[in-house]
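Working notes for the structure below.
The values are calculated or read from the model by the stated rules, or taken from the named source; none is laboratory data. Remember, it's a predicted structure, so these values are computed and weren't measured experimentally. When we count neighbours, we look across all protein chains shown, and the Cβ atoms used for this are built from the backbone with ideal geometry, even at glycine.
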């Protein structure tokens, strides 16, 4: 395994709302290795976006980081530096980290570009601020970046305003902005959710392509397991502000251990399911305004044990890379396998997507 | 941009011509005449009418009026100062009105913007609440209430500023009327600036700029303020109208020899040419402000500039 670029330990974040404190992130651990892609999957409200916004320190004013550390390892002037990002001030983050070493692509390209600034200016801005480039150097590099993200006639596009470009083009521009300073880490927060399917595939290809060229590490947030299978090396499944299972993409798809992951995988629509009812996980996520006792997923889990309602399960080790937080993995737990129908559905889904996607990922 | 401005200019000229026509017709059909004195006989009135050309059909008078107006001749006053050219009257009075109006709009916009931006940045703090409080007061009270309050406390009680305007001290004596006149602008601009800035600061592109590592100052002034200004500029035009109507009363209270007080007097005694000239000047100022707003709009918002003006190449 290559060196660790980013490691999040015991991150806990709460939101101040009019109804009280919401414990949105409850002890998240996550590692990102050089040149690899970690996908964070989970349903809406599970805390995926908040986790990565904490890395960039761009949480809103009512969101507070209670504890934890985000250690970022990078090279500065030839020396290895290990920095806890949560110890930096917002100003230091802006000057040293944001955009320069860690960059982020957002969900909706229609709203994430400044409508009153030319895209050329928006791409050049980061380079002028962080790399102290002259305007003409920045201009040249911006042209290169636009070509890299697959925009034709870059000279012409430099003078355009965001409203003159389509959604897919705008997302390419956002990616170009974020790559401007050659960051070590790229965070993609559902970058294809707002785009139509054909454009989605192209953007995914683009990100993979760039990763192959620059060896950048990527954190990819999505609720689309099809996307996960396409881009990820490692997967972290998030539920109610915790990572409940993590492992390599093969381990998660072929040998999932957490009942929530089973549910997620079987609720993935596939081509053969025309006449079947689409599977959904029963119930809804817990209200994090209340303190969660035991396993947050227990009330929705048909395989729940008594202990699930009393004590929170620790991360059980399945393999060196595969961990899952479910009491079902305890030595004394009854052997529970996912139900046959789930097994069959997962097999079917995996077979369908697997043939092409499950091949070992190659970068070179 | 050039074509956009030219189009706006042409539209403004047409607007002004239409305003002039409407004004002319309204005066024509208004009851009474400048020569309402009961001692004047019908024969004398006919002589007077003939002397000033009032016996001509309205159409020819209008053509005549526009022709001489273009050379800067607004005719003469019939009653207020007999046979005094109106352009001479305006020459003395217009600068005062413009000075105080401009001071008020500048002060109002500047202070309004500062208050609004600070309130948005310190959302839900004491400053924010204070700004909301000032806004509510500024919008609810008419400007003459402030005028009276200011001249009572700061003028009569504390003697900080003169109560009345004096041409000898045009700056010091214009401070109180300027403040009184600008209160509404301050309140409205602050309210808009606050809500717009809060909205813009929560937008995705500000989040993206933050992720890009833009300095705080750039974030606020280059990325946020420019976008927040677009809707604020929209309300500036109606604000100027309120300012103009406000100035009629303010000029009376501080006895400012401006065109506002002239208009009030002229309306009371049917001095046609004076009414026409002053209303016309107000219209020009209003259309001018609208034009300025439109041009500013185009400069700030590329979506408008590119949609309405030059084609993008």
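Given the structure, is residue A:222 away from chain B (no Cβ under 14 Å), crowded, with 22+ Cβ neighbours inside 10 Å and free of Cβ contacts under 8 Å to residues at least 40 places away in the same chain? The answer is no for residue A:222.
The set of residues in the range B:193-209 that are surrounded by fewer than 22 Cβ atoms within 10 Å (Cβ to Cβ), part of a helix (DSSP H, G or I) and facing another protein chain (nearest Cβ under 7 Å) comprises B:204, B:207. Considering the conditions (1) more than 27 Å from residue B:295 (Cβ to Cβ); (2) within 14 Å of chain A (Cβ to nearest Cβ); (3) in a helix (DSSP H, G or I), residue B:218 is excluded by exactly one of them, (1). Can you work out which of the residues in the range A:62-96 that are away from chain B (no Cβ under 14 Å) and not in a strand (DSSP E or B) is nearest to residue A:204 (Cα to Cα)? Out of the qualifying residues, it is A:86.
Scanning the range A:97-116 for residues that are in a loop (DSSP other than H, G, I, E, B), in contact with a strand residue (DSSP E or B) (Cβ under 7 Å, 6 or more places away or on another chain) and over 18 Å from residue A:133 (Cβ atoms) yields A:106, A:107. Whenever a residue of the range A:206-217 is over 13 Å from residue A:178 (Cβ atoms), its partners that are at pLDDT below 90 and crowded, with 16+ Cβ neighbours inside 10 Å, lying with C-beta atoms within less than 7 angstrom and at least six residues away or across chains, give the pairs A:208/A:231. If you go through the range A:50-78, how many residues are modelled with pLDDT under 90 and over 20 Å from residue B:202 (Cβ atoms)? Adding up the residues that qualify gives 4.
Selection of the range A:75-95 for residues being in contact with a helix residue (DSSP H, G or I) (Cβ under 9 Å, 6 or more places away or on another chain) and surrounded by 12 or more Cβ atoms within 10 Å (Cβ to Cβ) yields A:83, A:85, A:86, A:88, A:90, A:93, A:94, A:95.
Could you tell me whether residue A:183 is assigned to a loop (DSSP other than H, G, I, E, B), modelled with pLDDT under 90, buried (at least 21 other Cβ atoms within 10 Å of the Cβ) and within 19 Å of the chain's Cα centre (by Cα)?
Details: assigned to a loop (DSSP other than H, G, I, E, B): yes; modelled with pLDDT under 90: no; buried (at least 21 other Cβ atoms within 10 Å of the Cβ): yes; within 19 Å of the chain's Cα centre (by Cα): yes.
No; evaluated as a whole, the condition is false for this residue.
With respect to the conditions (1) closer than 29 Å to residue B:146 by Cα; (2) in contact (Cβ under 8 Å) with a residue 12 or more places away in the chain, residue B:292 falls short on a single one, namely (2).
Residue B:237: at pLDDT 90 or above and under 30 Å from residue B:144 (Cα atoms), yes or no? It is false that residue B:237 is at pLDDT 90 or above and under 30 Å from residue B:144 (Cα atoms).
The numbered conditions (1) part of a helix (DSSP H, G or I); (2) farther than 30 Å from residue B:27 by Cα are all true for residue B:237 except (2).
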